[in-house]
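Please read the structure below before turning to the comments.
The values are calculated or read from the model by the stated rules, or taken from the named source; none is laboratory data. The structure presented is a predicted model; accordingly, all values stated were derived computationally and were not measured. Because the Cβ atoms are built from the backbone with ideal geometry, glycine has one as well, and the counts that use them run over all protein chains shown. Just so you know, the surface numbers come from the protein's heavy atoms only, side chains and all, with ligands and any DNA or RNA stripped out. Shrake-Rupley method; radii C 1.70, N 1.55, O 1.52, S 1.80 Å.
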Amino acid sequence: MERQIHPEEKIKNNGPARFSEAMFTAAGQTKFLFRYFKELFIPPFEWNETFNQSFAVIFKSFIPSGITAFVMGIVIVLQSRPSLVEFGAGAYIPSMAAATIIREVGPLITALICAGNIGSGISAELGSMKITEQIDAMEVSGANPFKFLVVTRVTACTLMIPILVIYADGISLLGAYTGANIKGESSIYLFFDQIIEKLKFNDVFPALIKSVLFGFTIGMVSCYQGFNSQNGTVGVGKATNAAVLSSLLFIIIIDMVVVQIANIFNIL
């Protein structure tokens, strides 16, 4: 009679295999990263495709980022206003909202939206090209699919997501002004004058660094998962899911690391 294997025993037995798979994936991602930087500086440069992908990044996330940022600006003010007013600090609402939005909420929310919107699209697109052997056909024809498909998309995400963050910050500040006027009345000139007066370079610089890293991570992870997808349409679905989840995880880790480094060097 065949002995039945308990599920926990299966997991235990598969432990070394899972570890080996994780190490293999990490090595593949590292090799993929170095290949990107190598191909980035070797001509010919795919300027037209980079421009097209940059436009696609902005076009896909322009409306979702704006709507989310506007709502978040309203929510931040409505949530913080009662406590500030209770302690007689209602005049600090504009500066508090600006610091919260520019330092943390704007970059993080925009990156999360782009991870789900742009990252999934890139992974699914490259995965479909992989399983239909279009990438292999490009290699046979003498083209460089890595430079045309990967370098252009990663570069576009790295350059355009910080622009989306700046746009989302502005929309979110408008939302904060709207939230400040729901239970009160203030001049838009006075509101933004207080923001500009209190805003410092140290508030903007770490957020800009995070935005660049977020964009690079989303592009790199999504391209890696799509470019290396296998097992047909099922593999494309798994690659897309892995791209989104991995991007979200790396975004949170990068955010935490940048904040800690900024605190160490007294940037924040």
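Figures for the structure shown
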| read-out | value |
| --- | --- |
| The chain: calculated mean residue ellipticity at 222 nm from DSSP helix runs of at least 4, using -39500 (n - 2.57) | -26500 deg cm²/dmol |
| Sites Asp193 and Phe265, calculated FRET efficiency, Cβ-Cβ separation with R0 30 Å, nearest 0.05 | 0.50 |
| Ordering of 74-86, 134-146, 242-254 by burial proxy (mean other Cβ atoms within 10 Å per residue, highest first) | 242-254, 74-86, 134-146 |
| Inter-label distance for Lys238 and Thr178, nm, one decimal - labels placed 7 Å from Cα along Cα-to-Cβ | 4.3 nm |
| Proximal lysine pairs, the chain, alpha carbons under 30 Å, eight or more residues apart or interchain | 26 |
| Unit charges at the beta carbon, dipole of segment 99-247: most positive-side option, Ala137, Pro107, Tyr167 | Pro107 |
| Helix 47-86 axis, angle to the chain major axis (alpha carbon atoms, nearest 10°) | 40 degrees |
| With every protein chain in place, segment 20-167: carbon and sulfur % of accessible area (1.4 Å) | 69 percent |
| As computed over segment 178-255, the Cα convex hull volume per residue (Å³) | 139 Å³ |
| Percent of alpha-carbon pairs separated by more than 26 Å within the chain | 51 percent |
| Phe24/Phe62 FRET efficiency (R0 51 Å; Cβ-Cβ; nearest 0.05) | 0.85 |
| Computed E for Phe55/Asn231 - FRET, C-beta separation, R0 30 angstrom, nearest 0.05 | 0.40 |
| Segment 93-239, accessible area per residue, ligands and nucleic acids excluded (1.4 Å, Å²) | 42 Å² |
| Segment Ala91-Met256, extension gain: residue separation times 0.36 nm, minus the distance between their alpha carbons | 56.4 nm |
| Contour excess over end-to-end distance, with Cα ends at Val204 and Val75 and 0.36 nm allotted per residue | 44.3 nm |
